[in-house]
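Undergrad: Take a look at this one; I'll ask things after.
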Amino acid sequence: MTRKILIVDDSPISRRMLKSCFPKEQPYEFYEAGDGLAGFELYKEVRPEITFMDLTMPVMDGATSIDEIRKFDPKALVIVSTADVQIKSLTRVMELGAFMVLKKPPSKESVLDALTQSEELLG
Amino acid sequence: MEQEQTLLSEEERDILQEIMNIAFGQATADLTEIINVHVVLNVPYIKVLKAIDMPGYLKNELAGHEAISMVEQHFWGEFKGSAYLIFPAGAGKELVTIMGEGGGENEFESFMSDVMEKETLMEVGNILIGACVGKVAELLGDRVTYSPPRVAIENYATDSLPAEIFDLQASAIVLRTVFNFNERDVSGFLFLLTKYDSISWLKKSLVTFMEKYE
């Protein structure tokens, strides 16, 4: 089954890095947005199974975007992909309903772990 | 503009910006383990300019702040240059309070308060610069050593920054990130200036870094 993956990050390099870490043997359909607002709009349109969300972004930050997405779809599975690993930042996004946090830079192992955990939830 | 295009391509700038983002994220996490603050991060950016243009550039960047204090630390490795952590004047006192050290009323206590302010600026500078530069170097496969931090200028008028405080032979790949200490009205700016002879190493290392993500 092809999973729809939404990546929200203002850095095109960061999006590229994350995509390259996905297992090549699995089919994924990627969608990308460069800020939290564009990410929210794309989420409503695409309804991805998994969303990877950066936190520090222009226009709308990641925490606000998660909040909007979860209000729109309380079952949304959002993985925070961030360099901001302060406890307070991570606590806040978990309170907003993020599924887990992926620390930047991503690796094949960390992305596989995140996908495996997500699959368990998605069933 | 011509120099900017020659030194770093757009993609190289994007990679360096992302590396800076990761590095400063790590640096703030290190700082918050030591002092009980939350640092609000902003999107970092990369700009290439001549070191001699730095004072003018900073004057624009710091518009609204009459005076600044600046902590300076040099670093050496394949990646070498200088890091500057800049705070608006008065930020030192706020940081002292954040770190739980109060100022005094009498002359001696006031003197000690000034000393404490300077020490605090250096300590915060040491942590943020060390962790940030160290992480940039690590991600690019390098190790660096550092000079001790020093307060290069203290409560200095922003509109009369002397050009000589910067190494005028350095290329200024300015890695700028702005941050705010949440719950306190303190913000700061971190700039890294890299030496010209680091550029070819930097360009190669950026390619190597991205090869892991092909």
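The values are calculated or read from the model by the stated rules, or taken from the named source; none is laboratory data. Predicted model, so just to flag it, every value in this text is computed and none were measured. Every residue, glycine as well, gets a Cβ built from its backbone with ideal geometry; the counts of neighbours run over all protein chains shown.
Undergrad: Just to check your reading of the model, which residue among B:ILE15, B:ILE35, B:ILE46 is more than 14 Å from the chain's Cα centre (by Cα), within 14 Å of chain A (Cβ to nearest Cβ) and closer than 28 Å to A:ASP10 by Cβ?
TA: B:ILE15
Undergrad: Looking at (1) at pLDDT below 90; (2) within 14 Å of B:PHE87 (Cβ to Cβ), which is the only condition B:PRO149 fails?
TA: Of (1) at pLDDT below 90; (2) within 14 Å of B:PHE87 (Cβ to Cβ), only one is false for B:PRO149: (1).
Undergrad: Got a sec? Which strands (runs of 3 or more DSSP E) wholly within the range B:132-214 have at least 3 residues that are within 14 Å of chain A (Cβ to nearest Cβ) and under 27 Å from A:PRO58 (Cα atoms)?
TA: Fully inside the range B:132-214 and qualifying: B:171-181.
Undergrad: Suppose the filter is part of a loop (DSSP other than H, G, I, E, B), aliphatic (A, V, I, L, M), at pLDDT 95 or above and surrounded by 14 or more Cβ atoms within 10 Å (Cβ to Cβ); does A:ALA63 pass it?
TA: Considered against the rule, which asks whether it is part of a loop (DSSP other than H, G, I, E, B), aliphatic (A, V, I, L, M), at pLDDT 95 or above and surrounded by 14 or more Cβ atoms within 10 Å (Cβ to Cβ), A:ALA63 comes out as no.
Undergrad: Something else about it: Could you please find all residues in the range A:80-90 being closer than 23 Å to A:ARG15 by Cα and surrounded by fewer than 21 Cβ atoms within 10 Å (Cβ to Cβ)?
TA: A:VAL85, A:LEU90 - these are the residues of the range A:80-90 that are closer than 23 Å to A:ARG15 by Cα and surrounded by fewer than 21 Cβ atoms within 10 Å (Cβ to Cβ).
Undergrad: State which residue is nearest to B:PHE179 (Cα to Cα) when the search covers only the range B:32-53 and only residues that are part of a helix (DSSP H, G or I) and in contact with a Leu (Cβ under 6 Å, 6 or more places away or on another chain).
TA: First, pick out the residues of the range B:32-53 that are part of a helix (DSSP H, G or I): B:32-34, B:51-53.
Next cut, in contact with a Leu (Cβ under 6 Å, 6 or more places away or on another chain) only: B:51-52.
Numbers: B:ALA51: 23, B:ILE52: 25 Å.
The selected residue is B:ALA51.
Undergrad: Tell me, which residue of the range B:74-99 that is within 19 Å of B:ARG150 (Cβ to Cβ) and aromatic (Phe, Trp, Tyr) is nearest to the chain's Cα centre (by Cα)?
TA: Per the criteria, the residue is B:TYR84.
Undergrad: Are any of the residues in the range B:18-32 under 25 Å from B:LEU140 (Cα atoms), of a type in the set (D, E, K, R) and either in contact with a Pro (Cβ under 6 Å, 6 or more places away or on another chain) or within 14 Å of chain A (Cβ to nearest Cβ) (or both)? Spell out how you get there, then give the answer.
TA: Initially, the range B:18-32 is screened for residues under 25 Å from B:LEU140 (Cα atoms), giving B:18-32.
This time we only want the ones that are of a type in the set (D, E, K, R), so: B:18, B:30.
This time we only want the ones that are either in contact with a Pro (Cβ under 6 Å, 6 or more places away or on another chain) or within 14 Å of chain A (Cβ to nearest Cβ) (or both), so: B:18, B:30.
Yes, some residue in the range B:18-32 is under 25 Å from B:LEU140 (Cα atoms), of a type in the set (D, E, K, R) and either in contact with a Pro (Cβ under 6 Å, 6 or more places away or on another chain) or within 14 Å of chain A (Cβ to nearest Cβ) (or both).
Undergrad: Contact list please: Cβ distance under 6 Å, first residue in the range B:181-200 and modelled with pLDDT under 80, second residue of a type in the set (Ser, Thr, Tyr) and assigned to a strand (DSSP E or B), pairs at least six apart or on different chains.
TA: Matching pairs, first to second residue: B:TYR196/B:SER171.
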